[in-house]
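What follows is a set of notes on a single structure, which appears directly below.
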Amino acid sequence: MQLFNDARARYLYEAVTCGSVRAAAEKMGIAPSAISRQVSLLEEELNAVLLERHRKGVVPTHAGQLLIDYYRQHMAHRHDMLAKIESLRGLQSGSISVVSGEGFAQEMIAGPIQQFRQQHPGVSISLDIFGTTEIMRRVREDEAEIGLVYYAPADAHIVSRGTALQPMHAIIGPNHPLRHAQQTSLQELTAWPMALLHGIYGIRQLIDHAERSEKIHLKAALTTNLISVAIGFVTSGQGVTLLPRCSVSTELAQGRVHAIPVHSAALGHAEVQLITRAGRHLSPAANRFLQYCMHGMQAFQRV
């Protein structure tokens, strides 16, 4: 069996993750030649080519990808081991990394994060906001322990730790003609200007699926990467958007918007999920935080 210095795997990982040796060098604060040297030594030790160099950057060979996967798992196990050692001191320190869609961030901060930190003030929480595609990638590649995602696609490398039904609603302003309606339809919504999210978001992917199923096309007057912008479009009286109620809980409580159910099989069965990577053993702090999310967020209560 060949031996290799696994500390060098980080240089390969950073080069591939950053897309180029130069970008990785800037991130690590070292010369590009130092990264190239470490990768070359790794290739010599393993007697295998690990990187393919192109004009636009570098990509891993099959052997290189195997080593990157090893490095990710090694770092995940290291993080979990350190977290378990910290747990022996009663969750007095440590960290949790969470990735979430924008629509859940405000409730997460005011709910489980605040509640968790009151009980465990020494544990720090990293909360980063992304679209569905990036959330899935970060959890799958161990860049985050926990993901909170809407309408997640099937992925053999991802497991759901908790789910809740969150149907899509038409979000309208307080003076909109539909404000007293018991429900509406996609066909009816074509009569008003629509604000929609970009396609990297589960919300938009679900809407696209519903459009295909019902053979209806919603023409977007505004597309955006922020739910807050779509809500602003509605509250300024310019039109309608489609979101789950949990994404506008504050605005609903303030009376700034109304949420009208949409008669649609596709939109009515969407779920919000707490996800982790399959096979990953979460730290005690992350496991505890999962429970706070399940019990402390309106998104996971019955709708």
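Which residue, chosen from Leu218, Gln183, His269, occupies the Cα position most advanced towards the positive end of the dipole of the chain, where the dipole is computed from +1 (Lys, Arg) and -1 (Asp, Glu) charges on Cβ about the Cα centre?
Gln183
Have a look at the DSSP beta bridges in segment 157-303 and tell me what percent are antiparallel, nearest 5.
The antiparallel fraction comes to roughly 70 percent.
How far, in degrees from 0 to 90, does helix 32-46 lean away from the longest principal axis of the Cα atoms of the chain, to the nearest 10?
For 32-46 against the chain, the angle is about 70 degrees.
Rank the residues Arg8, Arg22, Arg280 as a footprinting-exposure proxy: fewest other Cβ atoms within 10 Å of their Cβ go first.
Listing Arg8, Arg22, Arg280 from fewest to most nearby Cβ atoms yields Arg22, Arg280, Arg8.
Where both partners of a DSSP beta bridge lie in the chain, what percent of those bridges are antiparallel, to the nearest 5?
Within the chain, antiparallel bridges account for around 60 percent of the total.
If you line up the long axis of helix 62-87 against the longest principal axis of the chain, both from Cα atoms, how many degrees apart are they, to the nearest 10?
80
Before rounding to the nearest 500, sum -39500 (n - 2.57) across all DSSP H runs of length at least 4 in the chain and divide by the residue total; then give [θ] at 222 nm in deg cm²/dmol.
-12500 deg cm²/dmol
Could I have the simple spin-label model distance between Ser160 and Ser40, label points 7 Å from Cα toward Cβ, reported in nm to one decimal?
According to this spin-label approximation, the distance is 5.1 nm.
Can you tell which of His79, His62, His269 shows the greatest fluctuation in a Gaussian network model of the chain with Cα springs below 10 Å?
Between His79, His62, His269, it is His62 that shows the largest mean-square fluctuation.
Find the Cα radius of gyration of segment 168-268, compare it with 2.2 N^0.38 Å by division, and give the number to two decimals.
Expressed relative to 2.2 N^0.38 Å, the Cα Rg reads 0.95.
Running a GNM on the chain with Cα contacts under 10 Å, which residue among Leu189, Leu267, Leu66 ends up with the highest mean-square fluctuation?
Leu66
If you fit an axis through the alpha-carbon atoms of helix 202-214 and take the longest principal axis of the Cα set of the chain, what angle between them do you get, 0 to 90°, nearest 10?
Approximately 50 degrees, to the nearest 10.
Laboratory data are not the source of any read-out in this text; all were calculated from the coordinates shown. Keep in mind the model is a prediction, meaning the values are calculated, not measured. Methodologically, a virtual Cβ is constructed for each residue, glycine included, from the backbone with ideal geometry; neighbour enumeration extends over all protein chains shown.
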